[in-house]
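S.K.: Supplied in structure tokens, the structure appears directly below.
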Amino acid sequence: MIEQIQQPWPWYVAGIIIGLIVPALLILGNKSFGISSNLRHVCAACFPANIKFFKYDWKKEIWNFFFVGGIFLGAFLANHYLMTNAPIEVNPALQTELAQYGITNYNYMLPSELFSFEALFTLRGFIMMVLGGFLVGFGTRYAGGCTSGHSIMGLSNLQWPSLVATICFMAGGFFMANIILPWILSL
Amino acid sequence: MNNEKVQNIDSNTACVNASEQTHPGWYNLKYTLVGILFGIVFVKAEIISWFRIQEMFRLQSFHMYGVIGTAVVVGAISVFLIKKFNVKTIHGEVIKIADKEFNKGQIYGGLLFGFGWAITGACPGPLFAHIGAGFYAVLVVILSAIAGTWTYGYFQEKLPH
């Protein structure tokens with residue numbers, strides 16, 4: 001049993017558990033699943049700067065900080081107690097592609113060549129961490145939600161604007177990963 | 001843009017707190033428990049892995065499609081059952097889910113988030129899980145995401161919606 005838990009979990013186990021978070025949050029307190037709103041609540045709490053978009057009672061949304069705190073704790077627990085030291089298995093075609101850019105470390109879930117404090121002082125690392133993060137924060141709020149709020153919660157509630165958003169998430173991702181990212185990685 | 005439209009976008013982008021009841025602060029710990037389960041799944045199913053996201057956007061693996069697809073099916077069945085049987089919350093409230101209203105932000109913002117997703121290999125949830133899993137440098141990515149959200153708020157009324 002413990003050995004099974006230490007192996008990477010299959011997609012259907014993860015999918016079922018994540019899907020059940022939708023009714024869990026609704027039944028526990030009428031909360032719609034969504035994570036990117038936290039970024040807005042941080043702005044509203046710390047830097048509202050008299051901007052209309054950040055003038056609301058963020059304390060009413062405090063449950064979302066508790067939820068994200070749980071994500072942090074869960075990741076900590078899983079990383080400390082439920083992992084093996086096996087490297088991440090990656091599709092050979094992707095390995096070949098990444099090797100061209102000097103990315104060969106598969107010991108961690110994030111390539112240390114791109115996401116580390118050392119990488120921050122390289123041009124491509126700076127672009128990936130700083131510009132990438134900016135696009136995530138700007139884009140999710142502009143779209144009114146992220147993978148959880150639109151793709152899972154919105155689609156579960158059969159909202160067609162969420163389908164539009166999800167299609168655009170995927171289209172943007174395909175374009176970036178296949179057309180632009182190779183250029184960034186070669187910097 | 002008229003005021004009413006801004007109002008709509010506002011309610012659309014806010015995480016709507018449908019509950020009208022007030023509870024002591026520690027009641028929120030129930031959401032922490034759900035979050036812990038989510039965080040464990042994020043790590044154990046390698047959803048927070050940059051490599052899994054790259055495989056997804058290159059059609060080199062079914063994994064992420066399986067995760068998101070299954071989650072949507074389970075979520076949709078759950079919402080259907082909640083509505084059909086008029087399920088109440090544990091505090092006896094009627095469950096309300098706000099509709100998503102369409103605006104062009106879902107297209108422009110959706111594409112921009114897609115770019116960021118492919119670069120960082122993470123949507124907002126996994127970013128928080130990265131910190132828990134010990135990738136402290138991702139704090140830079142989160143701060144940058146907060147700056148991005150703030151910038152959106154600053155320019156919101158000037159952006160096409």
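S.K.: Tell me the angle of helix A:160-175 to the major Cα principal axis of chain A, expressed in degrees between 0 and 90 and rounded to the nearest ten.
M.R.: 20
S.K.: Below 8 Å between Cα atoms, with a sequence gap of 6+, how large is the relative contact order for chain A in percent?
M.R.: It rounds to 23 percent for chain A.
S.K.: Ok, one more. How many Cβ atoms of partner chains, on average, are near each residue of B:55-64 if near means within 10 Å of its Cβ?
M.R.: 5
S.K.: What do you get for trypsin sites (Lys or Arg not before Pro) in the stretch B:84-161 restricted to DSSP loop and a cutoff of at most 15 other Cβ within 10 Å of the site's Cβ?
M.R.: Those satisfying the criteria are B:LYS96, B:LYS104.
S.K.: Report the far tail of the P(r) of the stretch A:1-83, meaning the percent of Cα-Cα pairs longer than 18 Å.
M.R.: 58
S.K.: Using a/c under 1.5 as the rounded threshold, could you call the stretch A:90-187 rounded, prolate or oblate? The axes a ≥ b ≥ c are square roots of the C-alpha gyration tensor eigenvalues, and prolate needs a/b larger than b/c, oblate otherwise.
M.R.: Taking the square roots of the gyration eigenvalues as a ≥ b ≥ c, the stretch A:90-187 is prolate.
S.K.: For peptide A:52-65, how many partner chain Cβ atoms fall within 10 Å of a residue's Cβ, on average?
M.R.: The mean count of partner-chain Cβ atoms within 10 Å per residue comes to 5.
S.K.: If you don't mind, another one. Quick one: if you take sqrt(5λ) for each eigenvalue of the C-alpha gyration tensor of chain A, what semi-axes come out, biggest first, whole angstrom?
M.R.: Taking √(5λ) for each eigenvalue gives 30, 24, 18 Å, largest first.
S.K.: How would A:ASP57, B:ASP99 line up from fewest to most surrounding beta-carbon atoms within 10 angstrom?
M.R.: So the ranking, lowest neighbour count to highest, is A:ASP57, B:ASP99.
S.K.: Treating cross-link reach as a plain straight distance, find the lysines whose alpha-carbon is under 28 Å from the alpha-carbon of B:LYS88, omitting any fewer than eight places away in the same chain.
M.R.: Result set, ordered by chain and number: A:LYS31, A:LYS59, A:LYS60, B:LYS30, B:LYS96, B:LYS100.
S.K.: Would you calculate a helix-derived [θ] at 222 nm for chain A, using -39,500 (n - 2.57) for each DSSP H run of n ≥ 4 and dividing by the full residue count, to the nearest 500?
M.R.: Calculated at 222 nm, the ellipticity per residue is -16000 deg cm²/dmol.
S.K.: Could you work out how much longer the chain between A:VAL13 and A:SER112 gets when fully extended? Use 0.36 nm per residue separation minus the Cα distance between them, nm to one decimal.
M.R.: Full-extension gain reported as 32.8 nm.
S.K.: Also, quick follow-up: Under the rule of -39500 (n - 2.57) per DSSP H run of 4 or more residues, summed and divided by the residues of chain B, what mean residue ellipticity at 222 nm is obtained, to the nearest 500 deg cm²/dmol?
M.R.: Rounded to the nearest 500, it is -20000 deg cm²/dmol.
S.K.: In addition: Report the longest stretch of chain B that contains none of the chymotrypsin sites (Phe, Trp or Tyr not before Pro) sitting in a DSSP loop with at most 11 other Cβ atoms within 10 Å.
M.R.: Counting only loop sites that pass the neighbour cut-off, the longest clear stretch is B:1-84.
S.K.: I would also like to ask the following. For the stretch A:1-83, what does the relative contact order come out to in percent, with C-alpha contacts under 8 Å and a separation of six or more?
M.R.: The normalised contact order for the stretch A:1-83 reaches 28 percent.
S.K.: Something else: With an 8 Å Cα cut-off and a minimum separation of 6 or more residues, compute the relative contact order for chain B in percent.
M.R.: Worked out over chain B, it gives 29 percent.
All of the numbers you see were taken from the coordinates with simple rules; none came from a lab. From a predicted model like this one, the values you see are computed outputs, not experimental measurements. Neighbour counts run over all protein chains shown; Cβ positions are idealised from the backbone, glycine included.
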